[in-house]
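**Student:** One structure follows; several queries about it will come next.
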Amino acid sequence: MRCDTDNMRVVFLEYKSDLLPVIAGLYDAYASQTAGLGPFPPSYWESVFLRPDIDPRRDLILPTRSGDDSESMLAAFCWIYTKPAPSHVYLRGPYLQPDDPDIDSLLDISLQEASRRAQDLGVEFIEGRGVHQPWIDAYTRLGFVKMGAYERMKLFPLVGTIRSREPRTEGKIRRYSGTSDLPILMKIFSSAFSSHWDYVPPRPGDWDEVFSSNLFRPELLRIAEEGGKPVGYVFGQFIPDYTLPTLQAVYLVSIALDPDHRGRGWGASLLSSWLRGVYEVGARAVELDVDFDNDVAKSLYTGYGFKYLRTEQVWRKYFN
């Protein structure tokens, strides 16, 4: 498929495995200019595009410069996927050098093609993220709406002397005991986040897949109980961190409290217990995303040594 702009002609390549080194190189050029992002080897990108929720022939977008079909002309890449929210499409990328001379055209072409493919899937909207100003400008030009922003934070090194924090009410914190806990977790998740703009109703199959993955271990989930009733949880999973090749890293996927049980110290108690569990399984780095305007949560994280890495704005384009 070809696409012409005022500045250049673009061809969208079909995915082939021998493009993986080029894709990895493009991402490395983007990551080197973005706080807290490190390079990934071609094997990582192969694992991304072989996920069951991604069809690289349909979802991977590979624009080339000057209308040349040569692999060496690959100028950017991005991809879309619907899981875990079939009502909308997530966009990752476009990844290219922030100082690319054709950056505006490449961003516009990539976003236009991603939006077209999303519309073909019949979804309500497409959602992407922007870190650098050219990405934010492109979203604005193409009719995307800013929904909010997340701050990425990182704790490194994680040490084994995490202080314990007890809640101000009687209760206990326990580990994950198996799939019988899934309804409990989904109920707390819904009560905690149902009014948040980024809320996606939980589906049992998706949650079961998370906790049956080899990236998860029972030590990476804690459930708070007060008066015998589950009132909160925190869980994470291992993530690849090729900037720390000899260490393991964990991403804090979600921490949630029932609204009626907030302000009682459960957040600090859960986090301290969970961080000790992360240390137990051998991880020495932790990353998380927190709402840009959630000062209470950011204060909690910084109190445990988390440092700010970058801000990612979330943008959506709605389809009527």
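The values are calculated or read from the model by the stated rules, or taken from the named source; none is laboratory data. Everything numeric in this text was worked out from a predicted model, so none of it was measured. Positions of Cβ are backbone-derived with ideal geometry, glycine not excepted, and every protein chain shown enters the neighbour counts.
**Student:** Filter the stretch 79-102 for residues that are assigned to a loop (DSSP other than H, G, I, E, B) and of a type in the set (Gly, Ala, Ser); which is surrounded by the fewest Cβ atoms within 10 Å (Cβ to Cβ)? Outline the logic, then answer.
**Tutor:** Restricting attention to the stretch 79-102, the residues satisfying the condition of being assigned to a loop (DSSP other than H, G, I, E, B) are 82-87, 96-102.
The next check asks that each one be of a type in the set (Gly, Ala, Ser); those that pass are 85, 87.
Details: Ala85: 18, Ser87: 11.
Step by step, filter the stretch 79-102, then rank; the result is Ser87.
**Student:** For the stretch 188-235: of the residues being farther than 19 Å from Tyr251 by Cβ and among the basic types (Lys, Arg), which is surrounded by the most Cβ atoms within 10 Å (Cβ to Cβ)?
**Tutor:** Going through the qualifying residues, I end up with Arg203.
**Student:** Which ones in the stretch 290-311 are part of a strand (DSSP E or B) and surrounded by fewer than 18 Cβ atoms within 10 Å (Cβ to Cβ)?
**Tutor:** So the first thing to find is which residues in the stretch 290-311 are part of a strand (DSSP E or B), and the list is 290-291, 307-311.
Within the stretch 290-311, Asp291, Lys307, Tyr308, Leu309, Arg310, Thr311 meet the criteria.
**Student:** If the Cβ limit is 8 Å and pairs must be 6+ apart or interchain, which residue in the stretch 261-275 that is free of Cβ contacts under 8 Å to residues at least 60 places away in the same chain pairs with which residue that is surrounded by fewer than 21 Cβ atoms within 10 Å (Cβ to Cβ) and among the small types (Gly, Ala, Ser)?
**Tutor:** Gly267/Ala297
**Student:** Right, another one. Here is a check on your reading of the model: is Ser105 over 20 Å from Thr140 (Cα atoms) and either at pLDDT 95 or above or outside any loop (DSSP other than H, G, I, E, B) (or both)?
**Tutor:** Considered against the rule, which asks whether it is over 20 Å from Thr140 (Cα atoms) and either at pLDDT 95 or above or outside any loop (DSSP other than H, G, I, E, B) (or both), Ser105 comes out as no.
Rundown of residues vs (1) part of a loop (DSSP other than H, G, I, E, B); (2) at pLDDT 95 or above; (3) closer than 15 Å to Arg276 by Cα; (4) not small (Gly, Ala, Ser), yes/no style:
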residue	(1), (2), (3), (4)
Gly205	no, no, no, no
Asn214	yes, no, no, yes
Ile223	no, yes, yes, yes
Val231	no, yes, no, yes
Val234	no, yes, yes, yes
Thr243	yes, no, no, yes
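**Student:** Right, Leu252: touching a Gly at 6+ places or on another chain (Cβ under 7 Å), assigned to a strand (DSSP E or B) and not assigned by TED's automatic domain parsing to the domain that holds Leu121 or not?
**Tutor:** On the way: touching a Gly at 6+ places or on another chain (Cβ under 7 Å): yes; assigned to a strand (DSSP E or B): yes; not assigned by TED's automatic domain parsing to the domain that holds Leu121: yes.
When the stated conditions are applied, Leu252 passes them.
**Student:** Got at least one residue in the stretch 137-156 being closer than 16 Å to Ile61 by Cα and under 18 Å from the mean Cα position of the chain (by Cα)? Before the answer, list the steps.
**Tutor:** Within the stretch 137-156, the subset closer than 16 Å to Ile61 by Cα is none.
No, the stretch 137-156 contains no residue that is closer than 16 Å to Ile61 by Cα and under 18 Å from the mean Cα position of the chain (by Cα).
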